[in-house]
Amino acid sequence: MNPRSLRRRAAVVVAALTAGAALTATQAQATPTHDLITPATKFYVDPHSKAAQQALADFGNGDTENAVNMAKLASWPQAEWFTEGTPDEVRGKVGKLVHRARAVGRTPVLVAYNVPGRDCTQYSSGGAASSAAYRQWIDAFAAGIGTSKAVVVVEPDGTALLPKDCGPTTDPTGELTAARIADLAYAVKTLKAKPRTAVYLDAGNVQWRPVGEMARRLLDAGVRHSDGFALNVSNTHPTDHNARYGTWIAQCMWFATEGPEEARGHAERCADQYYSAAAPNDGTPGNAVSSADPTTWRWTDAWYDRNVGTPPADRLQHFVIDTSRNGLGAWTPEPGKYTGDPEAWCNAPGRGLGPRPTADTGVPLVDAYLWIKIPGESDGSCTRSTGGTIDPEYGVVDPPAGTWWPDQAHTLARNAAPRLAFNH
């Protein structure tokens, strides 16, 4: 590379990483509004993000191609996760974040991830010591937000992975599951009590819980007191697949709460990504729903057309979708490579950044595409059920959950779809 080209790339990196200061002046001119999320909402970009730091490190190492990609990545808004700490600590950290965002006229995206027994005993296990401790933590979280604007995603996997799902011996009496549901409901109501906070309760992803089951769990956990739910957090399933799943969940919740009298309380009757009573189900290829074949999902759509119709738009729950790593869709290992669970969700290899964060989605029930999972942070030390410590997809021991992984960040940026550009 000639010196002139090197200088030009260096200028791009430096300019990108200092753009936050230039944006501050224009962002601060935004007219205050009490609408929580509208198509015009702009989300907060942390000028000191891990991607920004990586850009500087790459440039210092002479790796200008990755440095520019990391600078581009750093220009886009990403969520900030709160996973631990005392009530005083979380109040202070949340308060500092919303203050910085307010100073530049932007809306920060926060993730509350500290519910007792989170993630069963998997890579991100942990959480508050008790329900009482968790509720004190949530009170402090909400106090840190105060009257500032904020979007909060409540407890990824919190409804999709209840204690009763952790194994037959984890919650034999159902007491822990009941406590989880109550804790989530408390978090939703407490956070939503703040006047300018949009709250989305996590709901897994399109290839996990059936529609009716997830609808019931959300209703039990107080989703009706929130702004809606969140899908695909830390996963890679395509945006349009999650949009259909979310629409079905919203329609199912309406069906089970405001639909025909005989449907009240019966979310389990809803069609889903695995089965639809509207399909012939006669054994002919294509005449039954398959979660792996979206062309068959027309039968699920047909069930909702027949049984739900078109409810008033303001009676359906909205949702947000995590698009941080789904640009190339989900990863499927080659057949026969693994005899156990390949952990397709865990540090899926060869993925790319997905649609850029925006509140202008053009999809009626989708309030925003967000980068909730921080691109470049590990999901944990995945082993693909091989019994060892090495991840065979990478040939190394993956970093612990939440740890920054430069190689993964570089891959996601390089494979971004659409192609990664600077946020202007």
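Take 58-68, 110-120, 202-212, 277-287 and order them by the average number of nearby Cβ atoms within 10 Å per residue, most first; the result is 202-212, 110-120, 58-68, 277-287. With the simple spin-label model, which puts each label point 7 Å out from Cα in the Cβ direction, the GLU84 to TYR338 separation comes to 2.6 nm. Heavy-atom accessible surface of the chain, averaged per residue, reaches 44 Å², computed with a 1.4 Å probe. In the stretch 91-136, Cα pairs under 8 Å separated by at least six residues give a relative contact order of 24 percent. The separation of the stretch 113-161 from the stretch 249-326, counted between C-alpha centres, amounts to 29 Å.
Its alpha carbons considered, the stretch 262-312 gives a radius of gyration followed by a Dmax of 11.5, 36 Å.
With a Förster radius of 25 Å applied to the beta-carbon distance between ASP305 and THR284, the computed FRET efficiency rounds to 0.75.
The slack between GLU261 and ALA182, meaning 0.36 nm per residue of separation minus the straight C-alpha distance, is 25.8 nm. Taking amide H as placed 1.01 Å from N in the peptide plane, the amide H of THR107 sits under 5 Å from that of LYS42, PHE43, TYR44, each at least 5 places away or on another chain. Pairs over the 28 Å Cα-Cα cut-off, from the set LYS72/LYS373; LYS72/LYS194; LYS50/LYS189; LYS192/LYS373: LYS72/LYS194; LYS50/LYS189. Scoring 171-183, 95-107 by mean Cβ neighbours within 10 Å over their residues and listing the highest first yields 95-107, 171-183. Evaluated on the chain, the Kirkwood hydrodynamic radius is 22.5 Å, with distances taken between all distinct Cα atoms. Note on the chain: with neighbouring protein chains present and a 1.4 Å probe, carbon and sulfur make up 53 percent of its accessible heavy-atom surface. Averaging the sequence gap over all C-alpha pairs within less than 8 Å and six or more residues apart, then dividing by the number of residues, gives the chain a relative contact order of 15 percent.
Using Cβ point charges alone (K and R +1, D and E -1), the dipole size of the chain about the Cα centre works out to roughly 1600 debye.
ARG106 sits among other residues whose Cβ lies under 12 Å from its own Cβ, and their net charge, with Lys and Arg +1 and Asp and Glu -1, is +3. Once you have the Kirkwood Rh of the stretch 228-333 from its Cα pairs, apply Stokes-Einstein at 25 °C and 0.890 mPa s and quote D in µm²/s. D = 166 µm²/s. For the stretch 333-357, the residues whose amide N sits under 18 Å from a probe point set 7 Å from the Cα of THR386 along the beta carbon direction are 333-351.
Modelled label positions at VAL363 and THR38, each set 7 Å beyond Cα in the direction of Cβ, lie 2.3 nm from each other.
ARG306: net charge of surrounding residues, Cβ under 14 Å, Lys/Arg +1, Asp/Glu -1, itself excluded? Net of charged neighbours comes to 0.
HIS266 exposes around 60 Å² of accessible area when a 1.4 Å probe is run over every protein chain in place. Given in Å, the Rg to one decimal and the Dmax to the nearest whole number for the Cα atoms of the stretch 184-254 are 12.1, 34. Electrostatic bookkeeping for PHE141 treats Lys and Arg as +1 and Asp and Glu as -1; over the other residues with beta carbon under 14 Å from its beta carbon, the sum is 0. Each Lys and Arg Cβ is given +1 and each Asp and Glu Cβ -1; about its Cα centre, the stretch 61-218 then shows a dipole of about 820 debye. Bridgeable aspartates and glutamates around LYS96 (alpha carbons under 19 Å apart, same-chain partners fewer than 8 residues away excluded): ASP46, GLU80, GLU84, ASP88, ASP139. Karplus-derived 3J(HN,Hα) values for the stretch 351-357, using 6.51 cos²θ - 1.76 cosθ + 1.60 with θ = phi - 60°, are 8, x, 4, x, x, 5, x Hz; glycine and proline are entered as x. The calculated FRET efficiency for the pair GLU175 and GLN122, based on their C-beta separation and a Förster distance of 30 Å, comes to about 0.90.
The values are calculated or read from the model by the stated rules, or taken from the named source; none is laboratory data. This structure is a prediction, so every number in the text was calculated from the model and none was measured. Cβ sites come from the backbone with ideal geometry, for glycine too, and all protein chains shown count toward neighbours. Surface accessibility is based on the protein's heavy atoms, side chains included, excluding ligands, DNA and RNA. Shrake-Rupley method; radii C 1.70, N 1.55, O 1.52, S 1.80 Å.
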